[in-house]
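Structure record follows, encoded as structure tokens.
Each reported figure results from applying straightforward, stated rules to the coordinates on display, with no laboratory input. Worth saying up front: this structure is predicted, and the values here are computed from it rather than measured. Counting neighbours? That spans all protein chains shown, and the Cβs are built from the backbone with ideal geometry, glycine included.
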Amino acid sequence: MTYWLLAKEKRIYLRPRVVIARLEREFAYVEASDEEGRQHVTQLILELPKIRKWGQITVDSKYLEHLHQVRNEAVYIYFGDNPGPEDAILSTAVIPGNPLPVDFSSPEHQQATRPLLVRCASVLGYDIVEA
């Protein structure tokens, strides 16, 4: 299951460094990887045209251009109250100008980390939307 953290109406998305700073104030564990962020966006750039060919989604060239422009600013973040077990943390790609996707590895992971998701959305000023 995937949730999206969306900027509230008429607000802009926070820059990756601002997201990191706010999460660091809220959570005991925050790990950010510029390299994983670049890899994530590069993978999106490669995969989206393939998916478009299958007719599953609409991808316009402006969005792909945007991804190319912000690829080096993207960051992948892991966060939670404890860096211990994998099912006790959340992760997301922070791509400038985009909502934050949050995936769960299982229903148990979703249930265990729901409070983290709510706190994350609150500290960023975003809404939680189920995909």
**Study point:** Convex hull of the chain built on C-alpha atoms - directionally averaged projected area, nm²
**Key:** 8.1 nm²
Practice item. Please identify, among Tyr63, Tyr78, Tyr13, the residue showing maximal mean-square fluctuation in a Gaussian network model of the chain using a 10 angstrom Cα cutoff. Key: Tyr63
Review point. For segment 81-131, what is the largest minus smallest coordinate of the Cα atoms on each principal axis, given in angstrom and ordered from greatest to least?
Key: 30, 22, 17
Study note, to complete from the structure: Under the 7 Å Cα-to-Cβ spin-label approximation, Glu65 and Ile12 lie apart by a distance in nanometres of 1.9 nm
Exercise for review: Using the Karplus curve 6.51 cos²θ - 1.76 cosθ + 1.60 with θ = phi - 60°, work out ³J(HN,Hα) for each residue of segment 67-78 in order, rounded to whole Hz, and write x for Gly and Pro.
Suggested key: 4, 4, 5, 9, 3, 7, 9, 5, 9, 9, 10, 10
**Study point:** Computed E for Gln111/Tyr29 - FRET, C-beta separation, R0 22 angstrom, nearest 0.05
**Key:** 0.70
